[in-house]
Amino acid sequence: MIWVIATEESSLLGDFRIAAEVAVILELIAIIAIVIGVTAALAIGAVTWVRQGARQATLAFKRVIARGMLIGLDLLIAADVIKTVTLDGTLESALVLGLLVLIRTFLSWSMVLEVSGKWPWQLKGGEFEEAEA
């Protein structure tokens, strides 16, 4: 991991150490978001199971875990874009980034489908939130 204290030398515009640090921080925040999402989903699912039964618990679990995963995936994409644009400015790294974005987009769409029963482009404004409630 890259942890450099921003000094006058390392914060120059042409020096991308800060960009590398920001990418690492975004990746850590993404991991934290996913862990919090999983933990919250387990807790909410358990409480819902006791109060409303297994079917409602499953829906609540899916809704909460999907949100945590979607936030984590978005943050990971942002970190990858920063790394690709600032650190690995090669065609190969851009192609890898494109592939990662495609995979993560498919995962995001799959999660929306799992929670709402519809593909993202089939949802009307606010329908995803309503399906989750």
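So the values come out like this:
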{"read-out": "Of the criteria (1) surrounded by fewer than 18 Cβ atoms within 10 Å (Cβ to Cβ); (2) modelled with pLDDT of 95 or more, which one S10 fails", "value": "(2)"}
{"read-out": "Scope the stretch 65-107; condition without any contact (Cβ under 8 Å) to a residue 40 or more places away in the chain, of a type outside the set (D, E, K, R) and either touching a Lys or Arg at 6+ places or on another chain (Cβ under 7 Å) or outside any helix (DSSP H, G or I) (or both); matching residues", "value": "I77, G89, T90"}
{"read-out": "Residue within the stretch 54-64 that is surrounded by fewer than 13 Cβ atoms within 10 Å (Cβ to Cβ) and out of contact with any Lys or Arg (no Cβ under 6 Å at 6 or more places or on another chain) present", "value": "yes"}
{"read-out": "Residue in the stretch 41-51 that is of a type in the set (S, T, Y), modelled with pLDDT under 90 and either surrounded by 13 or more Cβ atoms within 10 Å (Cβ to Cβ) or within 17 Å of L87 (Cα to Cα) (or both) present", "value": "no"}
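The values are calculated or read from the model by the stated rules, or taken from the named source; none is laboratory data. Values in this document were obtained by computation on a predicted structure and should not be read as measured data. All Cβ positions, even for glycine, are placed from backbone atoms using ideal geometry, and neighbour counts span all protein chains on display.
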